[in-house]
Amino acid sequence: GPAGIDIMLRDLVATPRGLPVRLAEPGFVLIRDGGATIESLRIALDSGLVAVSGTAGENLALDIVATRVPASLANRFSPSLDASGVIDATAKVTGKAANPIVSFELAGTALTAQPLKDAGRKPLDIAGKGRFENNLLTTDTTISGIEETGELALGAGIRLDGEEIRIEKLDIASEAVT
């Protein structure tokens with residue numbers, strides 16, 4: 001095949017900011033023509049797993065799948081948060097490296113944090129999908145488990161320009177559970 005570099009990652013263990021990160025199994029990265037093809041990269045984050053595959057170079061075609069990633073990992077950055085629950089997510093990264101397009105879906109189960117606990121709130125379930133393109137983040141998210149309203153639906157359009165963040169659209173709807 002074409003000349004390049006083949007990399008087999010056999011082992012990786014790191015603890016950035018105390019966050020336990022390790023390679024779940026050997027991974028393969030092929031470097032050719034100024035780009036990288038990730039054949040298989042599975043990273044364990046505590047009891048969760050993040051799998052990455054695809055190509056990255058001038059053009060992007062990456063698939064990312066996060067499975068059962070504990071929300072408690074956020075406590076490494078803010079210990080008083082006392083977050084718990086699990087998060088599953090998928091993302092597709094396409095477009096040019098200079099202007100990526102990211103489509104994602106996520107689900108959080110039994111999510112809670114100290115402010116919710118302090119307010120006597122039960123854990124929440126969150127399901128969402130969204131897209132990031134041309135510095136605009138759009139999301140549609142449903143939050144379930146709110147006693148007073150039952151389910152809360154949020155739609156947002158958030159513009160990220162340099163250090164400025166502008167909310168361009170925010171739709172909120174609730175459906176009371178009787």
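Values as computed for the structure displayed
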read-out: Odd one out for D6, checked against (1) part of a strand (DSSP E or B); (2) modelled with pLDDT under 95; (3) under 25 Å from L137 (Cβ atoms); value: (3)
read-out: Some residue of segment 81-92 being of a type outside the set (D, E) and farther than 26 Å from P20 by Cβ; value: yes
read-out: Pair list, Cβ under 9 Å, 6 or more apart: segment 159-178 residue more than 14 Å from N134 (Cα to Cα) and aliphatic (A, V, I, L, M), other residue modelled with pLDDT under 80 and open to solvent by 90 Å² or more (accessible area, probe 1.4 Å); value: A176/E148
read-out: Search result, residues across segment 9-31 that are without any contact (Cβ under 8 Å) to a residue 12 or more places away in the chain, loosely packed, with under 10 Cβ neighbours inside 10 Å and either assigned to a strand (DSSP E or B) or more than 23 Å from the chain's Cα centre (by Cα) (or both); value: V13
read-out: Which numbered condition G34 misses (of (1) buried (at least 16 other Cβ atoms within 10 Å of the Cβ); (2) more than 26 Å from I143 (Cβ to Cβ)); value: (1)
read-out: Extreme residue, farthest from G34 (Cα to Cα), among residues of segment 46-73 that are among the hydrophobic types (A, V, I, L, M, F, W, C) and without any contact (Cβ under 8 Å) to a residue 24 or more places away in the chain; value: V50
read-out: Selection from segment 11-44 of residues that are under 14 Å from A56 (Cβ atoms) and among the β-branched types (V, I, T); value: V29, I31, T37, I38
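The values are calculated or read from the model by the stated rules, or taken from the named source; none is laboratory data. Keep in mind that what you see is a predicted model, and the values were worked out from it rather than measured. FYI the Cβ positions are ideal-geometry reconstructions off the backbone, even for glycines, and counts take in every protein chain you see. Just the protein is used for accessible areas: all its heavy atoms, side chains included, with ligands, DNA and RNA removed. Shrake-Rupley method; radii C 1.70, N 1.55, O 1.52, S 1.80 Å.
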